[in-house]
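So the structure is just underneath, and the comments pick up after that.
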Amino acid sequence: MIPVEFDYLAPASVEEALAALGEHGDDAKILAGGQSLLPVLRMRLNAPEVVIDLGGIASLRGIRDDGDALVIGAMTTHHDVRDDSLVREHALLLSKAAAEVADSQIRHRGTFGGALAHADPAGDLGAPALALGAQFVIAGPGGTRTVEAADFFVDLFETAIGDDEILTEVRIPKHTGWGAHYEKFVRVAHQWPIVAVAATVRGSIDEARVGLTNMGSTPLRATATEQALAGASATEDGVRAAADLASDGTNPPSDLNGAADYRQHLARVLTGRAVLKAAGA
Amino acid sequence: MTKIELTVDGASVSDDVEPRMLLVQYLREKLGKTGTVIGCDTSNCGACTVHLDGTSVKSCNVLAVQTNGRTVTTIEGLADAAEGELHPVQESFRECHGLQCGFCTPGMIMQAVDLLAENPHPSEEEVRLGMEGNLCRCTGYHNIVKSVLHAAEQTSAGATS
Amino acid sequence: MTATQDRPAAEIGKDRRRKEDQRLITGRTRWTDNITLPGMLHLAMVRSPFAHATITSVDTEAAKASKNVVTVLSGKDFGEELGVCINAWPITPDQKTPGHSPMPADRVAFAGEIVAVVVARSAAAARDAAELVDVEYDELPAVVGIKKALEDEVLAHPDLGTNKSALWVFDSQDAGTGGEVEAAIEEARNGGIVIEREYRQQRLIPAFMEPRSVVVDPTGEQLTMWSATQIPHILRFALAATTGVPESKIRVIAPDVGGGFGGKLQATPEEWIAWAVARRLMKPVKYTETRSESLMAAHHGRDQVQTLTLAADKDGKVTALRVHLDADLGAYVAIVGGGVPVLGAFMFNAIYKFPAYRFECQTVLTNTTFTDAYRGAGRPEATYAIERLMDELAAEVGVDPLEIRERNWITHEEFPFTTVAGLEYDTGNYEAATAKAKESFGYDELRREQAERRERGDRVQLGIGVSTFTEMCGLAPSRVLGSLDYGAGGWENASVRMTPLGKVEVVTGASAHGQGHETAFSQIVADRLGVPFEDVEVLHGDTQVAPKGLDTYGSRSLVVGGEALVKAVDKVIDKAKVLAAHLLEANADDLEYSGGRFTVRGTDQGMGIQELSTATFAGHDYPDGMELSLDADATYDPVNFNYPHGTHLCAMEVDTETGAVKMRKYTCCDDIGTIINPLIVAGQVHGGLVQGIAQALWEEAVHDESGTLVSGSFVDYLLPTAADTISFDVVHTDEPSICTTNSLGTKGVGEAGTIASTPAVVNAVVDAVRHLGVNDIQMPCTPERVWRAIHAHDGDAPTPQAAMPHFEEGALNQDEGAGQ
């Protein structure tokens, strides 16, 4: 219940944070909302020498309209993402998924960027970010670069963010007017998803985007399903064949909550349900 | 050691703390605010819920140093108990027998206050979902849910009268 | 009582808000971990990561050199003063009981066992240094799982030569309480019905919300231990008996205790180590466990494999029940460890008139956390087995599950009834409880909906589960405990003290941890003594305040402790009457006592008990020969258990595509005799229900093959939340069956919900999908297990072992790995 000793830095700007990161390198851990990091530190599963808290950097917070995309600051909380009117209008899927992250108290502290950078395959935001084609803006010593969602998630708890870099904001291409649903399957409410499906559709159904949570070492996008859904009718029969493709190429874990084949079955069933709900059917 | 200054239950406090000290440990060990308790080590149980700048957080999941310059309210600052005052949610928990051993109760009450601030007229389902971050082993939640709904009724009755 | 009391009961039956709540809702609490003493040192435990290993060395040098560390001690640093963890209930004379040191020096027998303790100036420094203790182990093969243990190939304790601890048997023919089981089963095989099943009671973790904590203060003449325990009195006894400190030098305090559910009914290694360290250093010490430590090292519950044979005639009238239990004790025989399954021995026959019954329980040792009491302790396991079997029998006969129960239950005219297990049930009315529950539940309507959904082939099917339970509670008649070789009695003590200004201090040996004793006991005293509810103060949980008692468990506080209290109050009234007669200058025979006041019959002269208390304090005027005190104490040893019962009905929806289950409605009608406080009773029922439902649906402590606890945090050991549960429909019979063996007519309620609900839920889940070829699903009924059971036949869900029960063909009704 008590982390190991560490030094605490609270930079006031991204530049200061990058400088601190440059100085301490591997010995440092970035603290965003801390809702995943602090449990890890308390259980002594990780023991950084320095913790760099981004909480004091105001520029990392907030959501703005940037033409064809929304820009979400990395330190924006799940609570704020869920309730933001721009998000609801242009990226409804994110609002729905943010509402399903953990619980109310954790949504008040946990951050959008922090959760994505943590890259837990059972995290609720990776699949929707992937489905919406998010672009990750990463600041480093040499300036900023942008990484496409498909390249961002590398492996279990591993992203394209370098050791000397910080995720500053995420650009979400607008999906204005798209229906959305995040179908999360748990045994008890405070559990990480056993499987979840993030679906957003235009019309019923002209286009669809589908992301899968906890079906492999990273969030996955069900591209075969998406293709098969284009032009499908928003009925159980209409989406069944497409949903049946959702588990193709997945490699989910087997644990107390379900074996891999069961999770694949769930992914197919839940995809059908998520798509229909997204389509308002 | 890092120096922090903050407001806790209406009082200004200042201390030098180890950066690793959790807010809940700061409250209990440095300030003697033992009304806030620790029930788990994975942030599942919510027993340590307090308000940070007016919204509910799990105080095991916040470092004390992160609260520098901010305002914390615990179960002990919700109403002036020394003056015999109770917050309407505290009163409801007693009225509806929303507690047994009482260990989860401070966290439950703090979360319920936050829930009602955000949604003053919740349905039973909204209450149940809104309290999903707090575990109780005694009550089966039945009377906790009833307490929160009762508090909502009392508050709205008070507001309209 | 000698004085007549004709005033109608004002307090008993009233839904008083609890006295306890003011401090609990404002955070003015005294949990053990809140206690801070001058110079207090903090302990951190070093625990074995291995389930079974020889300790080859413990290097404490680096830890001792760590900042703010006072000392580091391992098992070899202690002698006999460390004491031992006791087993108070050897169930047979030849029980194999491994020695249980709080901190073994040579060998660990489960993962999480303590091998060293760090003492430091802060909890943080202690934890830091604990990481630096270098323990070397030689890993030994570990035995995990009941079936592996029974093979005796790998031994949990090699020196014992076997994993089998004890075999306990009850046979109705031998006891003279019934006929011969084997003959009845054979008869049923020819023309009758034989149901054979193997059910698994998975291992559970009590998971009280307050982690265990202990503070020991060795300064002062008495050594004081504060502990988050259910059993301060038993702790004091055990500390004295095992550590050589006289009882008179020991004070144990259970301050505010945050839940127990049996899980804090233990003499724990952590308490004994804190005791030894404080005595060694002569400084106050505190140890508070983390939740992970609690889940790993506080005792677990349940964990049985039940092999069951039910014989009946073709109409479903049961002719015999044969039960064989294999019960996992874990690494040690804990304080009541082996006795827990034996408590179930008398309950498998439940509310039914079975002519023949045989029960066997084989306890086994494994290299896992030791098991002991968890809410219900033996009785939930028994109730689950029989109520599941009765549903299977109903399905076999082709009648409604309530109908099959009615064909077998004891009718209300037949009480008192001596069961095939030899217990005498005093009162009960199963017909009334069932009728009331059915009505409130809307049974017929839900059955209609179920039929419609089946007919339509709905994706979501509806099932209705029945559980008509009884239990034996109010532990316990001391002579009965003696006959079962239990190491203590089952009496309870209470005393009543009248203060100079007329307040009433009630001291009880029961030790509450959420049950609301302060409120309920105040109600009893207010009525009986005729004083205001507010004037009664209930004191408990401190062996110096309440020196005699046997604490709180087994739904005993009200039915045993409450009766002791009644007797103490009556003594106070008797004593006061002598003084009243003297002061009123009346003949004692002419006095009436009512509403807290003695009056002289036929006059308006009178005197209140509180005035008499003040007069006793003054002592200015009292009769010769009267002891100048109104205070009294009483010890009550129950003459029988008591037998609450009830009918629980549960409707579950099962999503046949995913296997997800959802509770639709839950109605229970419990008959618990006289109700002191309906608010508190409802709370006990609600909480009990959810713990039982959680066994059916969510909770399971899982060890992997090496003996590591996989479900070692709240991330994996799944407690339900408000979002996973529903509001319950709790009703009672209009005319409760008053208990005839105590003055108040009460029966226990603390465990009823937990005992009844588990089979109701599983029966409902199975009922929802029985038409799809399912007749069992192992607990917890996870979506995956439900889905595999549904699709076991259609090839959609390949399962390594079919979910079909009849073990005649060698295929058990278990998932792979069951019984491990």
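The values are calculated or read from the model by the stated rules, or taken from the named source; none is laboratory data. The shown structure was predicted, so the numbers you read here are calculated from the model rather than taken from an experiment. All Cβ positions, even for glycine, are placed from backbone atoms using ideal geometry, and neighbour counts span all protein chains on display. Only protein heavy atoms, including side chains, enter the accessible area calculation; ligands, DNA and RNA are left aside. Shrake-Rupley method; radii C 1.70, N 1.55, O 1.52, S 1.80 Å.
Can you work out which of the residues in the stretch C:730-756 that are of a type in the set (Gly, Ala, Ser) and crowded, with 24+ Cβ neighbours inside 10 Å is farthest from the other protein chains (Cβ to nearest Cβ)?
Taking the stretch C:730-756 as the starting set, the residues that turn out to be of a type in the set (Gly, Ala, Ser) are C:737, C:743, C:745, C:748, C:750, C:752-753, C:756.
Add one more test, that the residue is crowded, with 24+ Cβ neighbours inside 10 Å, and what stays is C:737, C:748, C:750, C:752-753, C:756.
Numbers: C:737: 25, C:748: 16, C:750: 11, C:752: 13, C:753: 8, C:756: 13 Å.
By that ranking, first place goes to C:737.
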Filtered residues of the stretch A:86-103 (kept if touching a helix residue (DSSP H, G or I) at 6+ places or on another chain (Cβ under 6 Å) and crowded, with 21+ Cβ neighbours inside 10 Å): A:87, A:93, A:94, A:95, A:97, A:98, A:101
Selection within the stretch C:523-539 - open to solvent by 40 Å² or more (accessible area, probe 1.4 Å) and in a loop (DSSP other than H, G, I, E, B): C:532
Enumeration of residues in the stretch A:153-170 that are under 21 Å from residue A:214 (Cα atoms) and open to solvent by 40 Å² or more (accessible area, probe 1.4 Å): A:154, A:155, A:156, A:157, A:158
Residue list for the stretch A:103-133, restricted to those being touching an Asp or Glu at 6+ places or on another chain (Cβ under 8 Å) and not in a helix (DSSP H, G or I): A:103, A:119, A:124, A:133
Answer residue from the stretch A:243-273, given it is within 9 Å of another protein chain (Cβ to nearest Cβ) and part of a loop (DSSP other than H, G, I, E, B) and is nearest to residue A:184 (Cα to Cα) among those: A:257
Those residues of the stretch C:574-602 which are in a helix (DSSP H, G or I), out of contact with any helix residue (DSSP H, G or I) (no Cβ under 7 Å at 6 or more places or on another chain) and crowded, with 18+ Cβ neighbours inside 10 Å, in sequence order: C:575, C:584
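What residue, among those in the stretch C:603-618 that are of a type in the set (Ser, Thr, Tyr) and either open to solvent by less than 60 Å² (accessible area, probe 1.4 Å) or in contact (Cβ under 8 Å) with a residue 60 or more places away in the chain (or both), is farthest from residue C:527 (Cα to Cα)?
Checking each candidate, the answer is C:616.
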Residue count for the stretch C:294-313, restricted to those that are open to solvent by 10 Å² or more (accessible area, probe 1.4 Å) and in contact with a helix residue (DSSP H, G or I) (Cβ under 9 Å, 6 or more places away or on another chain): 3
The stretch B:93-104: number of residues that are more than 16 Å from residue B:39 (Cα to Cα) and outside any helix (DSSP H, G or I): 3
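For the subset of the stretch B:147-158 comprising residues that are surrounded by 22 or more Cβ atoms within 10 Å (Cβ to Cβ) and of a type outside the set (S, T, N, Q), which member is farthest from the other protein chains (Cβ to nearest Cβ)?
Pass one, the stretch B:147-158, residues surrounded by 22 or more Cβ atoms within 10 Å (Cβ to Cβ): B:147-148, B:151-152.
Going one step further and asking which of them are of a type outside the set (S, T, N, Q), we end up with B:148, B:151-152.
On the way: B:148: 9, B:151: 12, B:152: 15 Å.
Ranking the qualifying residues of the stretch B:147-158, first place goes to B:152.
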Hey, residue B:85 outside any helix (DSSP H, G or I), within 11 Å of chain C (Cβ to nearest Cβ), open to solvent by 60 Å² or more (accessible area, probe 1.4 Å) and out of contact with any strand residue (DSSP E or B) (no Cβ under 7 Å at 6 or more places or on another chain) or not: yes
Search result, residues across the stretch C:555-573 that are open to solvent by 10 Å² or more (accessible area, probe 1.4 Å) and either assigned by TED's automatic domain parsing to the domain that holds residue C:672 or farther than 24 Å from residue C:749 by Cβ (or both): C:570, C:571
Residue A:211 away from chain C (no Cβ under 14 Å), in a strand (DSSP E or B), buried (at least 19 other Cβ atoms within 10 Å of the Cβ) and not acidic (Asp, Glu): yes
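How many residues are modelled with pLDDT of 95 or more, within 14 Å of chain C (Cβ to nearest Cβ) and not in a strand (DSSP E or B) if we restrict to the stretch A:170-190? Explain how you work it out, then say what you get.
Applying the first criterion (modelled with pLDDT of 95 or more) to the stretch A:170-190 yields A:170-189.
Of the ones still in play, those that are also within 14 Å of chain C (Cβ to nearest Cβ) are A:183-189.
Of the ones still in play, those that are also not in a strand (DSSP E or B) are A:186-189.
Final tally of qualifying residues: 4.
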Residue within the stretch C:722-729 that is closer than 30 Å to residue A:43 by Cα, free of Cβ contacts under 8 Å to residues at least 12 places away in the same chain, assigned to a helix (DSSP H, G or I) and open to solvent by 10 Å² or more (accessible area, probe 1.4 Å) present: yes
In the stretch C:74-132, residue most open to solvent (accessible area, probe 1.4 Å) [restricted to those that are of a type in the set (Asp, Glu) and under 17 Å from residue C:332 (Cβ atoms)]: C:106
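Residue-wise test of (1) open to solvent by 10 Å² or more (accessible area, probe 1.4 Å); (2) in the same structural domain as residue C:73 (by TED's automatic domain parsing); (3) in contact with a helix residue (DSSP H, G or I) (Cβ under 8 Å, 6 or more places away or on another chain).
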{"site": "C:282", "(1), (2), (3)": "yes, yes, no"}
{"site": "C:285", "(1), (2), (3)": "no, yes, yes"}
{"site": "C:315", "(1), (2), (3)": "yes, no, yes"}
{"site": "C:325", "(1), (2), (3)": "no, no, yes"}
{"site": "C:331", "(1), (2), (3)": "no, no, no"}
{"site": "C:336", "(1), (2), (3)": "yes, no, no"}
Per-region count, the stretch C:622-632, residues open to solvent by less than 80 Å² (accessible area, probe 1.4 Å) and out of contact with any Phe, Trp or Tyr (no Cβ under 7 Å at 6 or more places or on another chain): 6
Extreme residue, farthest from residue C:172 (Cα to Cα), among residues of the stretch C:347-370 that are open to solvent by 10 Å² or more (accessible area, probe 1.4 Å), not in a loop (DSSP other than H, G, I, E, B) and not acidic (Asp, Glu): C:362
Of residues in the stretch B:105-134 being in a loop (DSSP other than H, G, I, E, B) and within 13 Å of chain A (Cβ to nearest Cβ), the one most open to solvent (accessible area, probe 1.4 Å): B:119
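Would you call residue B:66 farther than 21 Å from residue C:30 by Cα, assigned by TED's automatic domain parsing to the domain that holds residue B:19 and at pLDDT 95 or above?
Taking the combined requirement at face value, the residue satisfies it.
Looking only at strands (runs of 3 or more DSSP E) that lie completely in the stretch B:1-63, which have at least 3 residues being open to solvent by 10 Å² or more (accessible area, probe 1.4 Å) and more than 7 Å from every other protein chain (Cβ to nearest Cβ)?
On the way: elements: B:2-8, B:11-17, B:49-52, B:55-58.
Of the strands (runs of 3 or more DSSP E) lying wholly inside the stretch B:1-63, those with at least 3 residues that are open to solvent by 10 Å² or more (accessible area, probe 1.4 Å) and more than 7 Å from every other protein chain (Cβ to nearest Cβ) span B:2-8, B:11-17.
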Residue under evaluation residue C:413, criteria (1) assigned to a loop (DSSP other than H, G, I, E, B); (2) of a type in the set (D, E, K, R); (3) free of Cβ contacts under 8 Å to residues at least 60 places away in the same chain, criterion not met: (1)
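Kindly indicate the residue of the stretch A:19-38 that is farther than 27 Å from residue B:24 by Cα and either open to solvent by 30 Å² or more (accessible area, probe 1.4 Å) or facing chain B (nearest Cβ under 9 Å) (or both) and also modelled with the lowest pLDDT among those meeting that condition.
As a first pass, look at the stretch A:19-38 and keep what is farther than 27 Å from residue B:24 by Cα: A:19-26.
Then keep just the ones that are either open to solvent by 30 Å² or more (accessible area, probe 1.4 Å) or facing chain B (nearest Cβ under 9 Å) (or both); that gives A:19, A:22-24, A:26.
Working: A:19: 98, A:22: 96, A:23: 96, A:24: 96, A:26: 90.
By that ranking, first place goes to A:26.
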Those residues of the stretch A:39-85 which are within 14 Å of chain B (Cβ to nearest Cβ), open to solvent by 40 Å² or more (accessible area, probe 1.4 Å) and within 12 Å of residue A:169 (Cβ to Cβ), in sequence order: A:61
